[in-house]
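Data first, discussion second: the structure below is written as structure tokens.
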Amino acid sequence: MTISKQDLINRIDHSLLKPNLTKEEYIDGLNFAKEIGVAAVCVNPHRLKLAKQILDKTGVEIGTVIGFPSGAHSTAVKVFEAKEAFENGATELDMVIDIGSMLDGDYEKVREDIKAVVDATPAVVKVILENAFLTKTQIKKGSELVEEAGAHYVKTSTGFASSGSTVEDLKIMRDSVSSHIKIKAAGGLKNLEECIAAIEAGSDRIGISSTKAILAEYDNKNIHIRVLPY
């Protein structure tokens, strides 16, 4: 099976999450996302209204982050963030788990934290495990908790930890959840080869900020990407 450039674009969550982005840089990034028709953008919450203004009725989903990037917010704060984000136009929410509780082995608290955000709005919820802090066993367990809590995606990373997406971790995540749970790779995907590897490992979405450069690399190589069946 191969994937065309458009199929690749259809998997991209164009990331606009750097804290120092100006309004002008957001506008440029949002217009670029609209022009090429990516799956979604992911913006910081304070730019949701701007994203809705530019992307409304374009087919590009509007995403934002919840409990970002530490995951250490209280559940009540995450729920408030989720509700406000949905009201401001977000259709997809990328939330960070309670990493400390995950490391404690307090799986009920982690599950209920996720479930509270899932139940707060009708938005698609992508749950960030922040794999850099977890063992392989914890990645598997975290993925299972995401499914148990009713979320839609399990995601590798925020991009703010010491490391991001790896093929090994993605395979663990894919093998740990049912086929209807989707996988998002993010953090450290800086070139086409890394994006290819993430897709081959089972990623349904890839979160990248260097979208222009990666698509230009695709054009220069004029290749097709092989995707493993799942």
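So the values come out like this:
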quantity: Antiparallel DSSP beta bridges within the stretch 107-215, as percent of all bridges there, nearest 5; calculated: 0
quantity: Helix-derived mean residue ellipticity, 222 nm - over the chain, DSSP H n ≥ 4, -39500 (n - 2.57), to 500; calculated: -13500 deg cm²/dmol
quantity: For the stretch 2-226: Kirkwood Rh in Å [reciprocal of mean 1/r, alpha carbons]; calculated: 17.3
quantity: Electrostatic dipole magnitude of the chain [Cβ: Lys, Arg +1; Asp, Glu -1; Cα centre; debye, to 20]; calculated: 360
quantity: Order of 92, 194, 24 under a 10 Å beta carbon neighbour criterion, fewest first; calculated: 24, 194, 92
quantity: Descending semi-axes in Å of the stretch 96-195, equivalent ellipsoid built from Cα gyration tensor; calculated: 20, 15, 12
quantity: Point-charge dipole on Cβ atoms (K/R +1, D/E -1) for the stretch 1-50, about Cα centre, debye to 20; calculated: 140
quantity: Of 68, 86, 54, farthest towards positive along the dipole that unit charges on Lys, Arg, Asp, Glu beta carbons give the chain; calculated: 54
quantity: Residue order, fewest to most surrounding Cβ atoms within 10 angstrom, among 156, 75; calculated: 75, 156
quantity: For the chain, built as a Gaussian network whose Cα springs stay under 10 Å, the top-fluctuating residue of 70, 165, 143; calculated: 70
quantity: Fraction of antiparallel bridges per DSSP, the chain only, in percent to nearest 5; calculated: 5
quantity: Unit charges on C-beta of K, R, D, E only; dipole of the stretch 132-206, Debye; calculated: 140
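Every read-out reported here was derived from the displayed coordinates using simple, explicitly stated rules and does not represent laboratory data. Here the structure is a predicted model, which means the values were calculated and not measured. A quick note on method: Cβ atoms are made from the backbone with ideal geometry, for glycine too, and the neighbour counts reach across all protein chains shown.
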